[in-house]
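The values are calculated or read from the model by the stated rules, or taken from the named source; none is laboratory data. Remember, predicted model here, so these are calculated numbers, not experimental data. Reconstructed Cβ throughout: ideal geometry from the backbone, glycine too, with neighbour counts over all protein chains shown.
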Amino acid sequence: MPVIFTQVSSLQKLQASLREGCKTFQWPRCCTSRDYCDGTGRLRIKAQVNLDLCNKFSVDHYPFLVWGPPTKFNSPQWKPKQENSELELIDDARTAERLLKWINKKMGSSFSLDDKKYENESMLPKNASDPEQIIRAIYDVEEATAHALQIILELKMIKPDTRDSLVRFLQTLVAHHPSKRCRRGSAEMLINFDDHWHTNLSLSAPESSTLLKSAGENICGKGVPRGYWMFCRGSKKETRGFSCGLWVLLHSLTVRIGDGESQSTFTSICDFIHNFFICQECRTHFYEMCSSVSSPFKSSRELALWLWTAHNKVNERLMKEEKDLDNADPLFPKAIWPPKQLCPSCYQSSSSTAEGAVEWNDDEVFHFLVNYYGKMLVSSYRETSVESLQVTKQAGTISDDSSTSSATTVPIGAALGVALASCTFGALACFWRAQQKNRKYYHLRSLKKI
Ligand SMILES: Cc1cc2nc3c(=O)[nH]c(=O)nc-3n(C[C@H](O)[C@H](O)[C@H](O)COP(=O)(O)OP(=O)(O)OC[C@H]3O[C@@H](n4cnc5c(N)ncnc54)[C@H](O)[C@@H]3O)c2cc1C
């Protein structure tokens, strides 16, 4: 997946320095907003770290843009004329138009600088009722899994009385996590579990930090958690995210298990939330719902529908709370799910009872859940990501989900590729932001003049 390596703010700073009187200068090896014009009018670079970075990439002029797969940027040294390198110097990028022309040629695309959809808000799922949105959630499920594990380890939540519950949950993940990476990582963790947690012993500090590092880094592959959400990204920083990813994980488990595993999966989910979900209120409510189940589950259908109903009960309660407190995410207010647009057949034709409750067609809801959290969650990604296919082909393997490509390549590809429909947009976003800043700057200046 190509990326653009640049420092737009540095370029702007450089331009600003020139405007402010740096009459003579040499192109710096690298500069940032902390660089400055010295008494002789030469641009000086302050931070050693920038020099090192620029040395690594042989940066000798501005703007200096490199195109290539993100993982290749980790190589210790790269030179613009290096043969057989997947990194390529963009040699014509003096203006946004010229850069875009270069990218369009490279990609066989025809983007224009007026394509306003590259703004940040396009990173948000535009319409939660759009079934295609779930394709992004595979990354959030990975993110939530790794995030949950980090919390467990950092807060030292594995104790003699919680240990077994984690083992059971990991066993479920090994068999049924929708991401193969996470299945592999969970298996790895289980294999090593007894080495770190002898029965009835909690971890001492040095052991804990060693395991924290290796488990945290590996449960869903290197680079996960990545620190951002795709499907679960809220329009405010404090909304959605982890708890959304956790729900998606739980639903995806319930549609993957066999009938004979339904009761044990139910117990493992309930215990996991009870012991390891840090939201006290959520745990308490969820535990109450778990405790009110009177007879064992006999099929995955029963369990999937139970979890769906439980989630809707939470939604219903939060709908009221959000209304009272006026703290809903404006783009993602709580609602009874799935909405009609997403699954019309889930609704009985009479639609709702006299009390206003929805009458569901349970068979259709189950069918919908199996498709949505089963096939769609994992397979649509492969179909829409050219990059993922390329990685798979290169590796000479056949993938059944997103897991065969590198943990860092795919999400960046997803972040730029799936969310923005093409990696090119990343570069455009850069220019877009730069343009906007300029517009804002000129706007402010014109205001000052007035
Ligand atoms: C087990 C659990 C219990 C929680 N309990 C509480 C609580 O008591 N109080 C509280 O304030 N917060 C609770 N939360 C957090 C809360 O439910 C939301 O996760 C959080 O507010 C973020 O909401 P969201 O808009 O991202 O959608 P979420 O509710 O997180 O849902 C994520 C996605 O799942 C899908 N979805 C929605 N409803 C359903 C459904 N019924 N079945 C299947 N899929 C569905 C939608 O696509 C949605 O975008 C809990 C979270 C979890 C995981």
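Name the single residue, out of those in region 296-327 being within 28 Å of the chain's Cα centre (by Cα) and in contact (Cβ under 8 Å) with a residue 60 or more places away in the chain, that is farthest from Val248 (Cα to Cα).
The selected residue is Leu305.
Within the set of pairs 6 or more residues apart or between chains, which connect a residue that is under 18 Å from Gly374 (Cα atoms) inside region 255-280 to a residue that is among the hydroxyl-bearing types (Ser, Thr, Tyr) and surrounded by 19 or more Cβ atoms within 10 Å (Cβ to Cβ) with Cβ atoms less than 6 Å apart?
Val255/Tyr373; Ile257/Thr265; Ile257/Ser300; Asp259/Ser300; Ser262/Ser300; Thr265/Thr172
Do any helices (runs of 4 or more DSSP H) entirely within region 200-317 hold 1 or more residues that are aromatic (Phe, Trp, Tyr) and either within 15 Å of the ligand (Cβ to nearest atom) or modelled with pLDDT of 95 or more (or both), and if so, which?
The qualifying helices (runs of 4 or more DSSP H) are 242-254, 262-276, 280-291.
Quick one: Tyr118 ticks every box in (1) within 16 Å of the ligand (Cβ to nearest atom); (2) at pLDDT below 90; (3) surrounded by 21 or more Cβ atoms within 10 Å (Cβ to Cβ); (4) of a type outside the set (A, V, I, L, M, F, W, C) bar one, so which box is it?
Every listed condition holds for Tyr118 apart from (1).
Filter region 320-341 down to the residues that are crowded, with 16+ Cβ neighbours inside 10 Å and more than 9 Å from the ligand (Cβ to nearest atom) and list them by number.
Hit for region 320-341 is Leu331, nothing else.
Looking only at region 342-363, decide whether some residue is within 9 Å of the ligand (Cβ to nearest atom) and modelled with pLDDT of 95 or more.
No, there is no match, as no residue in region 342-363 is within 9 Å of the ligand (Cβ to nearest atom) and modelled with pLDDT of 95 or more.
List every residue pair whose Cβ atoms sit under 6 Å apart, with the two residues 6 or more apart in sequence or on different chains, where the first one lies in region 118-145 and is assigned to a helix (DSSP H, G or I) and the second, anywhere, is modelled with pLDDT under 85 and near the ligand (Cβ under 10 Å from one of its atoms).
That search, which allows pairs on different chains as well, returns Gln133/Pro125.
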